[in-house]
Amino acid sequence: MAFEVSTGKGGKKGRNKPDMNVTPLVDVVLVLLIIFMVITPMLAKQFWIHLPSEPEAEATPPPPSDDDGPPVVTVDAAGRVLINRDEVPLAQLEARLRRVLAARGDRTVFFDAQSDAPYGRAVEVLDTCRGAGATTIAVATEALADAR
């Protein structure tokens, strides 16, 4: 900082008047401006979108029929286990469900236990479904009208 001593003429005698040198401040601001101008284009994010081409009419597979829906595993009030209305003994449930899931590409199973079904049996069936390879088990919160 530089100081200027006033010698009279309009000012008080002997008072120092500060005069700040702003050149270093301007230099620093210009350097920061250049840095930000260089960095800003690098911060721009790019998202690549790969859109599929228009499918041809002949190549379009037919929509799946309703018979190919996910399997529904049901535990009724008597403790019986059903896979799509077919009764299955608990000992054979894992092997049978494994075959059903292997025939399908999707590993989703719907689980429906009646409200008066034995709790222990329902948990055992859920554990068996997971052991058979079901990755998603959708538990029905409302009674299913048609359990396939």
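The values are calculated or read from the model by the stated rules, or taken from the named source; none is laboratory data. In this text, all values refer to a predicted model and were calculated from it rather than measured experimentally. Because the Cβ atoms are built from the backbone with ideal geometry, glycine has one as well, and the counts that use them run over all protein chains shown. Side chains are part of the model used for accessible areas, which takes the heavy atoms of the whole protein and leaves out ligands, DNA and RNA. Shrake-Rupley method; radii C 1.70, N 1.55, O 1.52, S 1.80 Å.
Worth a mention:
- Cβ-Cβ contacts under 8 Å between residues 6 or more apart (or on different chains), taken from a first residue in the range 80-92 that is over 12 Å from residue 128 (Cα atoms) to a second residue that is among the charged types (D, E, K, R) and in a helix (DSSP H, G or I), are listed as 83/96; 88/96.
- Note on the range 75-85: among residues that are open to solvent by 60 Å² or more (accessible area, probe 1.4 Å) and of a type outside the set (A, V, I, L, M, F, W, C), the one that is farthest from residue 142 (Cα to Cα) is 80.
- One residue from 38, 88, 26 being open to solvent by less than 80 Å² (accessible area, probe 1.4 Å), more than 21 Å from residue 136 (Cα to Cα), more than 34 Å from the chain's Cα centre (by Cα) and modelled with pLDDT of 85 or more: 26
- Residues within the range 72-96 that are part of a helix (DSSP H, G or I) and in contact with a helix residue (DSSP H, G or I) (Cβ under 6 Å, 6 or more places away or on another chain), tallied: 2
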